[in-house]
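We did not get these values from a lab; they are worked out from the coordinates using the rules stated. These figures come from a predicted structure and were not determined experimentally. FYI the Cβ positions are ideal-geometry reconstructions off the backbone, even for glycines, and counts take in every protein chain you see.
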Amino acid sequence: MAQVKPFKCIRPETRLAHRVAALPYDVYNRQEAKKEVEREPLSFLRIDRAETGFDDSVDTYDPVVYRKANELLQQMIDDGTFIEDNEECYYIYELVMGERSQIGLVACASIDDYLNNVIKKHENTREDKEIDRIKHVDACNANTGPIFLTYRANKHINDATAEAMKGAPIYSFRSPDGIRHIVWRIDRKDIIQEIKKAFEDIDSIYIADGHHRAASAVKVGLMRRKDNPGYSGSEEFNYFLAVLFPHDQLLIMPYNRVVKDLNGLTEEEFLREIEKSFDVTLIGSQPYAPDKKACFGMYLGGKWYRLEAKASIIDDRDPVALLDVSILQNNLLGPVLGILDPRTDKRIDFIGGIRGLAELERRVNQDMKVAFSMYPTSIEELFAVSDAGLLMPPKSTWFEPKLRSGLFIHKLS
């Protein structure tokens, strides 16, 4: 039984939404974020990455940075850049990329559902990244970036959102990367009740993207509970901001890999080593993207190869071991290239599939030695790993399009 509730949203004034909306804070490094804020002074990155307002000598995690985030948020509320709806609503958020559309429900999810594993995870989090967002959420007294959740598609929710979309949207704009963003507000009580009841019949919700934001939001909620021992459970700090999408609308792209060296092997020795676990076919100069599971593209020495895992190395008893990222890690990156911990090893880098195969060639030609193009993890695999209470290897999924921050803000008190 999932608790998914409407909320009083703080959101951009309609004419300014296209200027405020920003990609997630962790898509950028500091200099990239600073350039984006210079390009668009109203970008929500001003708040999400408030260090952009300081000289580089000020540390990203200095307390003054978090105080600045709160100051900027209040300023944008006071000057009318942001408005606050005076009743609890759901919102529909449609993202259109090319010919594809995905339609999500903007709402608040329960921190108890997170703690009780109704909201399921598939990824570990890093403490340093959690601490940053904990301080940011706490300083702003608000969830400013939505968690990307998914659930098994539900006809009642689909029908209710379709009915709400018959009205006029409150936002409709195209972001600089070409993605269309369309938002409707659901203030009809009958539709709100129908959606709320439909989610109460759903046993499991899954984090698709945003594990660090989710963990941080939950920990802030627990801090507020500790500070308010007489809490009733209905306070806003018991919930966090999310966008929930039906699973059959999501696009998972591959998360490709590049490695800096061949671990002391020549190209010929390397090829002989990987032939022990993979059938290797020379493709040539034409970039190769795998067309099925357990197949990989490899760019080495100016040539593309097709690697297909031999049946002897595939373990179908374990949903994690069955993932293509695991097959590559456990049978090539680890034993052959010596990448034992891809989370920390500086010899490996990860490239989102949205950047294409040309980016793999560019990196190998510039600063890497070998690249691997992956077959994307499926949403069913994500469900299987999460349902088993297991964790995926790092960089297993790349979702597109990315949710924008700044369109929806949830105050904690």
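Some notes on this structure:
- Candidates R224, R355, R30: whichever shows maximal mean-square fluctuation once the chain is modelled as a Gaussian network with Cα springs under 10 Å: R355
- Extension gain, V280 back to I77 (0.36 nm per residue minus Cα-Cα distance, nm): 67.2 nm
- Computed from the C-beta positions of S172 and E235, the FRET efficiency with R₀ = 35 Å rounds to 0.55.
- Across region 356-364, coupling constants 3J(HN,Hα) worked out from phi with the 6.51/-1.76/1.60 Karplus curve, θ = phi - 60°, read x, 6, 4, 5, 5, 4, 4, 5, 5 Hz, and Gly and Pro carry x.
- With R₀ set to 25 Å, the beta-carbon distance separating A384 from R347 gives a calculated FRET efficiency near 0.25.
- 3J(HN,Hα) from dihedral phi, region 118-132, Karplus parametrisation 6.51/-1.76/1.60, rounded to Hz, x for glycine, proline: 5, 8, 9, 10, 9, 9, 6, 10, 9, 4, 5, 6, 5, 4, 4
- Model label points for R180 and S57, set 7 angstrom from Cα along the Cα-to-Cβ axis, are 5.0 nm apart.
- Most mobile listed residue (V336, V385, V137) in the chain, GNM with C-alpha springs under 10 Å: V336
- Taking other Cβ atoms within 10 Å as a rough exposure proxy, I379, I182 sort from fewest to most as I182, I379.
- The Rg/Rh ratio of region 368-407, with both radii computed over alpha carbons and Rh defined as the Kirkwood radius, is 1.09.
- Relative to the globular-protein estimate of 2.2 N^0.38 Å, the Cα radius of gyration of region 268-379 stands at 1.01.
- The Cα-based radius of gyration of the chain, divided by its Kirkwood radius, gives an Rg/Rh of 0.99.
- Unsatisfied cross-links (Cα-Cα over 32 Å) in the set K292/K369; K68/K196; K135/K293; K34/K189; K155/K402: K68/K196; K135/K293; K34/K189
- The equivalent ellipsoid of region 275-331 has semi-axes of 22, 11, 9 Å, largest first, where each one is the square root of 5 times an eigenvalue of the Cα gyration tensor.
- Rounded to the nearest Hz, the phi-derived 3J(HN,Hα) couplings of region 90-105 under the Karplus curve 6.51 cos²θ - 1.76 cosθ + 1.60 (θ = phi - 60°) are 8, 9, 9, 10, 9, 10, 10, 10, x, 8, 9, 10, 10, 10, x, 9, where x marks glycine and proline.
- Full-stretch length increase - R362, L265 - with 0.36 nm per residue and alpha-carbon distance subtracted: 32.7 nm
- Protection proxy ranking of 88-94, 143-149, 34-40, 341-347 - average other beta-carbon atoms within 10 Å, highest first: 143-149, 88-94, 34-40, 341-347
- Simple spin-label estimate for E40 and E200 in nanometres, 7 Å along Cα-Cβ: 3.9
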